[in-house]
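Worksheet: one structure, shown below.
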Amino acid sequence: FNWPAGTFAGQQSNLVFETVHLPHDIEVNFRITDTEGDGFCCLYGNGYVKLFAGESAEEESALLAYEDAEFEFDLSITFRVGPAPSVAPATTSSPTGSTAKAASIGSTSSSSCDPRDGGLILSVSPCIEVTVVLQLDKFSAETSWFIDSSDGLTNFISRPVGYYEEMKSQKIIETVYLPEGLEYQFKIIDFMGDGTCCWAGNGWYSLYEGGDIEDTSTQVFYGNGDFGRERIHTFVAGKPETPAPTSSRVPSEIPSGSPSTTPSYSPKPSVTKYAVEVTIKLDNDSSQTGWFVASEDDTVIIDRQPGYYSGNDTLTIVENIRLEAGEYQFSVLDTNGDGFCCQQGFGFYSLYANGDLLLFRDGKFEYSYSESFSIGDLPTLNNAMSSSKSAPMLRGSVPSAYKPNRKRNHVDHGT
């Protein structure tokens, strides 16, 4: 459910009631924002927020949460509605001494997961274990993070502002559970907009599949603490779900008497894939920007065509991809032929693997710019085969005629 800024225009100083219906016994995050960064209190009135279970706002016994409106840009409240689970919840390792504003008692998730779309339970899916590791700075109360559905409409896990108030400069390890095979957004936010690094400490964070954080092959992504106000990663928890076969073979009770002529199936050996973090700092017209990664044989492994980031002007976007060992080409595109820099803003891109910098460059180019890099056991190529390409057309609002002449590879690339 979403009430964007402007919904309550004309309701100054009014008491507003909204009733919504939620699935039983799930953890819900209520997030309220103020575009001017001064809440809705103090000089402008005595605003507050109350959440009740049921349709009556007068039953104090049904009160789930109460907060005054003395905040800045964002206030998050986590609560749970409905009866207690009938089975014991799965264990979640939570840090001690936290001050999360949780309106109910219980673990972050249970042993079965409910994939949801807009608050509606669609099916029951097995859980996958995910571990979040967070190195905080000395202002730990400013750090928050959320795991939402890829469309941003459903929140699965939340650690709001203030949750880590008593954990200054500590390393946090938390294990949570998510429905397997779905795509998610991991968003980390710093309330004061200076990340978790630099003069305040050497903060960083990472996410793993499973609980073994010593096994680097299970690392889904890694990020340093220099992210400003926020950074977003997209990832898939486990393998995407595959439909069950429509029929099953039942062995014959009577042997055929002759040997089978069909060779037995031997599965391919598993291939190690390495996590690569792609960071793009967009300019004032994000719709013009795109990029792709191609293999040595010019097969496009993953691409983000211009228009993919529309509506994300000036934001820093972080995506995590998985690549097999080998050599690749990273190409960045701009349809207007002016890169993503200068008069439109100060953009850049970078590629990291396991904390090591592979590529970094500002957004000063024309229609395209390409660099090569290697991943895995091969020797690293330092900006080899870099090139910049200009499309044969005048600059302006007309889209670029340049399109990468490459084969599209639609196999699962592990993003």
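Results, tabulated for the structure shown:
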| quantity | calculated |
| --- | --- |
| Of all residues in region 51-82 being open to solvent by 80 Å² or more (accessible area, probe 1.4 Å) and out of contact with any Gly (no Cβ under 9 Å at 6 or more places or on another chain), the one that is modelled with the highest pLDDT | Tyr66 |
| Of all residues making up region 332-352, the number that are surrounded by fewer than 20 Cβ atoms within 10 Å (Cβ to Cβ) and within 30 Å of Glu209 (Cβ to Cβ) | 2 |
| Residue list for region 28-50, filter: surrounded by 13 or more Cβ atoms within 10 Å (Cβ to Cβ) and of a type in the set (Asp, Glu) | Asp34, Asp38 |
| Among (1) free of Cβ contacts under 8 Å to residues at least 40 places away in the same chain; (2) within 21 Å of Leu351 (Cβ to Cβ); (3) of a type in the set (Phe, Trp, Tyr), the one test that Trp204 misses | (1) |
| Residue in region 296-336 that is nearest to Thr272 (Cα to Cα), counting only those that are assigned to a strand (DSSP E or B) and without any contact (Cβ under 8 Å) to a residue 60 or more places away in the chain | Glu324 |
| Per-region count, region 177-200, residues under 27 Å from Thr33 (Cβ atoms), part of a loop (DSSP other than H, G, I, E, B) and not hydrophobic (A, V, I, L, M, F, W, C) | 4 |
| Test: residue in region 203-225 that is modelled with pLDDT under 90, under 13 Å from Asp137 (Cα atoms), more than 19 Å from the chain's Cα centre (by Cα) and open to solvent by 30 Å² or more (accessible area, probe 1.4 Å) | no |
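The values are calculated or read from the model by the stated rules, or taken from the named source; none is laboratory data. None of these values were measured; they are calculated from a predicted model. Note: ideal-geometry Cβ built from the backbone for every residue, glycine included; neighbour counts use all protein chains shown. These area figures cover heavy atoms from the full protein model, side chains too; ligands, DNA and RNA do not enter into them. Shrake-Rupley method; radii C 1.70, N 1.55, O 1.52, S 1.80 Å.
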